[in-house]
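Below: one structure, written as structure tokens.
The values are calculated or read from the model by the stated rules, or taken from the named source; none is laboratory data. None of the values given here were measured: they were computed from a predicted structure. We place every Cβ from the backbone using ideal geometry, glycine too, and count neighbours over all the protein chains shown.
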Amino acid sequence: MANMWDVFFSYRRHDLERARPLLEELSRAGVSVWRDETEIPEQASITSLIREAIASCRVFLAFYSSTYPESNPCQEEIATAWLAAQRLGESPNRRIWVINPEASFDHIPDLFRDQQSGSLVEETVQQLKQALVAVNGTLPGRANLPSYHGMSSIQASRFIGRAKQFWDLHGKLTANRISIITGVHGQAAAQVRGLGGNGKSLLAREYAIRFGSAYPGGVFWLNAYGHDDFQNAVNADQRRALRQTQIREFAIECGVPIEGLNPEEIEVRFWRVLQNQQQNCLWIVDDVPSGITSAEFSEICRVGWTGTSTLITTRSKEHGALGSMLDLGVLSPGEALRLLYLHSAPTNPAEETAAQRIVELLGFHPLAVEVAGSYLAFSAESIEEFVGALENPTEDAMEFGALLKASLPTDHERSISMTLLMSIRQLDPEGLDFLRLASVLAVAPIPVTLLSDTLAIADSEDSAKKHSIKAVTQAEALSLCERFGHDARTVHTLVSRTMRFKYPNEVRTEQLRSAAMWALMHRISAASHHGHGQHSAVAIDIPHARHLASKGTEREEEITLALCLAQFDFERGDYDHARQTQEHGLAVRRKLLGEEHEHTLAVANNLARTLYAQGKTEKARMLQEHVREINIRVFGEGHPNTVTSTSNLALTLYSQGYDAQAEALERQVLAQRIRSSGQDSPETLVAMNNLAQTLRARGNVAEAFALQEQVMRASCTVLGNKASGYSQSQEQLCLGAAHRW
């Protein structure tokens, strides 16, 4: 847009007549004004033309009437201008002006109070002309969006209201950028607190998208798994491991080299890279739990440099030490009605009255209103019949409401419970299966492919994929789940709790739970088999795997899944978690299967490998000697398990300096490999190379050289250019041959 304008005028179309005297006075004063005269739907986004117009103006002027906050385009316009002014490195109140035509100031966000002009038109215009003298150039153009990690950058299609809360959050999270005015120095932080279903997470996500350009260093969404659904709660160790997994994924996405680093080292390097970039970041810690220590709270919310603004969502009021507080209540009556109307608009006065009664009965609770609107759009029931059902809840709704009383708006729990129960009854068997599965998984995004894999195992059906798509589509239509990225859905904890109340101790639910564990095992094992680079592909599965593996861990599928996770932890360098799980797994396997069972020995072997990686070589050696002795007695010296355990023991002896004992065992391994696999097999060449390394350490250079020459010749003949794969260190080769469950 070639022209430069003095003022961009932002207003609601129906306020034009009230604003006309101001516009006329600006014109008489010689102030050039750009305003859009096209009609934009209330929920639509602004066009590129409008963004270009804002960037061609020196000052932004908002006619902030009581209905201005209800317009998504108006909120986008003022946010665009404000963020552009912030990028200039100056206080936005030099560029952003607010006119309040109302007698009340309740609808004006606190952040705009200093931007309000005088109450008289002539006074406003004179103040604006004086301000224009001190302003150089126009507002900058649209900034690039930040990278998003742990969340998608897709806005919710039916987000209503919360304008004041958005601006309150932004003021708190960027206050340190103008600390000379605000008095806030160091890290900026804010907590959003409220009951379940009030929209804390949704508010945080929408803020991150709408105000994302204020954080060019990136937006990072960290799930703290602190919902109030105690049946699906995770413990402190699980939360720590899940946090480490998420930060590892952030590091990979940001191009941070992590090869060979443990979780603590990865986090240090990750923050160092962000700090070196010197670009503001937004760190969102979603759903911080109640009932945790201050030390764990600090660990969950820890960030690595002061250029990071931290946004915390929580139900708890226990953590007031960090950041400013924003208590998020229910929707206003007007906002609740608008949300209901997005699903099912009334067609006559009687329906309008019924809609008002619905939102009142639901206590203006956002999740309940959303589900109610979807129910009315989905079912054949009239709005008047729905009101009757809420006013006369069934016995099970009253019972369930009593259970949810502490989690919902006072005196509205029965109506909300009735709404959830009625919506779930609309589901077909496929939709019910999806929510059954969600009710036993962690409260975290559920990949549609995991649902499909679970159904395939549970039912041995070729149509599992089709059924899974139908299931999530129907649940989404009823607002019982929402999209997370392209291939996942989230189910609110209140919906999961409703399922467990309505369908307790079901055989089908238990069947799906068991199938989900086997599906997760296959998915995680496949990623491990294809190398560390595939771990990101199953990162979304890990919260569910940890949750399922923590429930009892004495059933076969539970302990097997736990050991699968131990392998995952080992490969990402988290040896403490791997060791703890393997120690428990070994105790359970000994109890259930006996000391000499092949699966018990496999766990013992992997535990020894973890102890070795932690530098606890003496404990590793003792366990390896025990495993080898049982393998010899049960399977014989030539069995592959025995040969592998002998090779692993030799490695540990070598690392401890017992070269003679290591050599003797490695000669046995080599002889057995030749006998079972042949002279030139990969397994034989590994054993040959290991023995050569030990011989060289013992000073037997001639024999070591002869063996290495033989390895190279055979490798070049059999493998060609892949020969380099067999010139690794002794440690890598032996561990590569280790028997794994």
Practice problem: Please enumerate the residues belonging to the range 398-430 that are assigned to a helix (DSSP H, G or I), in contact with a Leu (Cβ under 8 Å, 6 or more places away or on another chain) and not acidic (Asp, Glu). | Solution: Phe400, Gly401, Ser407, Ser415, Ile416, Ser417, Met418, Thr419, Leu420, Ser423, Ile424
Practice problem: Tell me, please, whether a residue that is within 29 Å of Asp433 (Cβ to Cβ) and either surrounded by 15 or more Cβ atoms within 10 Å (Cβ to Cβ) or modelled with pLDDT of 90 or more (or both) can be found in the range 574-594. | Solution: no
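Answer yes if at least one residue in the range 432-447 is outside any helix (DSSP H, G or I) and under 20 Å from Leu376 (Cβ atoms), and no otherwise.
No: zero hits.
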Quiz item: If you take the residues in the range 488-506 that are among the aliphatic types (A, V, I, L, M) and either surrounded by fewer than 19 Cβ atoms within 10 Å (Cβ to Cβ) or touching a residue at least 60 places away in the same chain (Cβ under 8 Å) (or both), which one is farthest from Ser201 (Cα to Cα)?
Solution: Met499
Exercise. Spot the failing condition for Ala516; the list is (1) crowded, with 16+ Cβ neighbours inside 10 Å; (2) closer than 20 Å to Thr449 by Cβ; (3) modelled with pLDDT under 90, and only one is missed.
Key: (3)
Practice problem: Go through the range 689-719 and give me each residue that's among the basic types (Lys, Arg) and touching a residue at least 24 places away in the same chain (Cβ under 8 Å). | Solution: Arg698
Self-check item: Ser65 being within 30 Å of Thr174 (Cα to Cα) and either basic (Lys, Arg) or not assigned by TED's automatic domain parsing to the domain that holds Ala175 (or both)
Solution: yes
Self-check item: Matching residues in the range 251-261 - criterion: being surrounded by fewer than 16 Cβ atoms within 10 Å (Cβ to Cβ) and at pLDDT 90 or above
Solution: Glu253, Gly255, Pro257
Quiz prompt | Every residue from the range 254-293 that is within 27 Å of Glu206 (Cα to Cα) and either aliphatic (A, V, I, L, M) or without any contact (Cβ under 8 Å) to a residue 24 or more places away in the chain (or both) | solution = Gly255, Val273, Leu274, Leu282, Ile284, Val285, Val288
Quiz prompt | All positions within the range 660-696 that are more than 49 Å from the chain's Cα centre (by Cα), modelled with pLDDT of 90 or more and of a type in the set (Gly, Ala, Ser) | solution = Ala660, Ala664, Ala671
Quiz item: Can we say Ser645 is surrounded by 14 or more Cβ atoms within 10 Å (Cβ to Cβ), within 46 Å of the chain's Cα centre (by Cα) and free of Cβ contacts under 8 Å to residues at least 12 places away in the same chain?
Solution: no
Exercise. Please give the number of the condition Glu102 fails out of (1) out of contact with any Leu (no Cβ under 7 Å at 6 or more places or on another chain); (2) among the acidic types (Asp, Glu); (3) crowded, with 17+ Cβ neighbours inside 10 Å.
Key: (3)
Quiz item: Taking the condition within 19 Å of Ser423 (Cβ to Cβ) and part of a helix (DSSP H, G or I), does Ala526 pass?
Solution: no
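Name the residue that is surrounded by the most Cβ atoms within 10 Å (Cβ to Cβ), counting only residues in the range 411-435 that are of a type outside the set (A, V, I, L, M, F, W, C) and touching a Ser or Thr at 6+ places or on another chain (Cβ under 9 Å).
Only one residue fits best here, namely Ser417.
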Self-check item: Criterion violated by Asp453 - all others in (1) at pLDDT 90 or above; (2) surrounded by fewer than 20 Cβ atoms within 10 Å (Cβ to Cβ); (3) of a type in the set (Asp, Glu) satisfied
Solution: (2)
Quiz prompt | Test: residue in the range 613-627 that is in contact with a Ser or Thr (Cβ under 7 Å, 6 or more places away or on another chain), among the charged types (D, E, K, R) and surrounded by fewer than 21 Cβ atoms within 10 Å (Cβ to Cβ) | solution = no
Quiz item: Which members of the range 457-471 meet the condition of being without any contact (Cβ under 8 Å) to a residue 40 or more places away in the chain, surrounded by fewer than 24 Cβ atoms within 10 Å (Cβ to Cβ) and outside any loop (DSSP other than H, G, I, E, B)?
Solution: Asp459, Ala464, Lys465, Lys466, His467, Ile469
Self-check item: Those residues of the range 291-326 which are farther than 22 Å from Thr493 by Cα and of a type in the set (Asp, Glu), in sequence order
Solution: Glu296, Glu299
Practice problem: Considering each of Gly150, Gly171, Gly161 in turn, give the residue that is farther than 28 Å from Val7 by Cβ and crowded, with 16+ Cβ neighbours inside 10 Å. | Solution: Gly150
Quiz item: Pairs, please: C-beta under 9 Å, at least 6 apart or cross-chain, first residue of a type in the set (Asp, Glu) and in the range 193-211, second assigned to a helix (DSSP H, G or I)?
Solution: Glu206/Phe166
Exercise. Assess whether Val285 counts as being out of contact with any His (no Cβ under 9 Å at 6 or more places or on another chain) and surrounded by 17 or more Cβ atoms within 10 Å (Cβ to Cβ).
Key: yes
Quiz prompt | Candidate set from the range 524-557 (those that are among the charged types (D, E, K, R) and surrounded by 20 or more Cβ atoms within 10 Å (Cβ to Cβ)); member that is modelled with the highest pLDDT | solution = Asp541
